[in-house]
Amino acid sequence: MRHGKKDNHLGRTASHRKAMLSNMASSLIIHKRIETTLAKAKELRKYVEPLLTRAKEDSTHNRRVVFSYLNDKESTKELFGVVSDKIASRPGGYTRIIKLGNRLGDAAETALIELVDFNDALLLANADKPAKTRRSRRGGAKKEGSEVTAAAPVKKEDHPVVAEAEPVNDEPAADETAENNDSPAPTTEKE
């Protein structure tokens, strides 16, 4: 039984899977983004993120542990040099998976996995955006001597519609029907 075993073996033997993930992790570190299937990307994330965490502290022990996983001197050097400087302040979540759709040949779901701190286009877009400010809906006590400024226009989405306290009856009450009986009821005639 496989209770609680949540690793995807990717249809490979253990040695093949280990070699494949090692090569993919090396490629990700060197190229900063790779395109692969969604299942492989999800497994690669679980494989490479602990290595990125180890790279934040440059010690001989951490270098040897990471090298035992990557088996590539160039990617280890890149990880402890360039990559570790960029991710030093990030507490986790070093990779991003973006779904790309299905592959034409076998209809496999493809995805792009990338290192978050190396997507220059997204980093520049986020730098241009102003920081979001929290808008309080509660009215505070007005201080004396403070000037009243014009409020920004309010969008409909910002304030949801509040239901009324009492439901409105479309039918008139019994007292109103007695008063309305004085007028003749409209009749429809067929010609």
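The values are calculated or read from the model by the stated rules, or taken from the named source; none is laboratory data. Since the structure is predicted, the reported quantities are computational estimates derived from the model, not experimental observations. Glycine gets a Cβ as well: all are built from the backbone with ideal geometry, and neighbour counts include every protein chain shown. Just the protein is used for accessible areas: all its heavy atoms, side chains included, with ligands, DNA and RNA removed. Shrake-Rupley method; radii C 1.70, N 1.55, O 1.52, S 1.80 Å.
Here are a few things to note about the model shown:
- The alpha carbons of segment 2-52 give a radius of gyration and a Dmax of 11.2, 37 Å, in that order.
- Shown are I34, I98, whose ranking by accessible area with a 1.4 Å probe and every protein chain present, most to least, is I98, I34.
- Rounded percent of accessible protein surface that carbon and sulfur make up, segment 81-126, 1.4 Å probe: 57
- From most to least packed by mean Cβ count within 10 Å, the peptides 86-97, 6-17 give 86-97, 6-17.
- Net charge of neighbours whose Cβ lies under 14 Å from the Cβ of L70, counting Lys and Arg as +1 and Asp and Glu as -1: +2
- Each Lys or Arg adds one and each Asp or Glu takes one away; over the other residues whose Cβ falls under 13 Å from the Cβ of T53, this sums to +2.
- Rounded, prolate or oblate (a/c below 1.5 giving rounded, otherwise prolate when a/b exceeds b/c) for segment 72-113 by Cα gyration tensor: oblate
- If a spin label sat at a point 7 angstrom from the Cα of K99 along the line to its beta carbon, no backbone N atom of segment 6-35 would be nearer than 13 Å.
- Cα gyration tensor shape of segment 26-141, rounded if a/c is under 1.5, else prolate or oblate by comparing a/b with b/c: oblate
- Net +/- balance of residues flanking M20 in space, Cβ distance below 13 Å, scoring K and R +1, D and E -1: +3
- Accessible surface of Y47 - all protein chains present, 1.4 Å probe, nearest 10 Å²: 40
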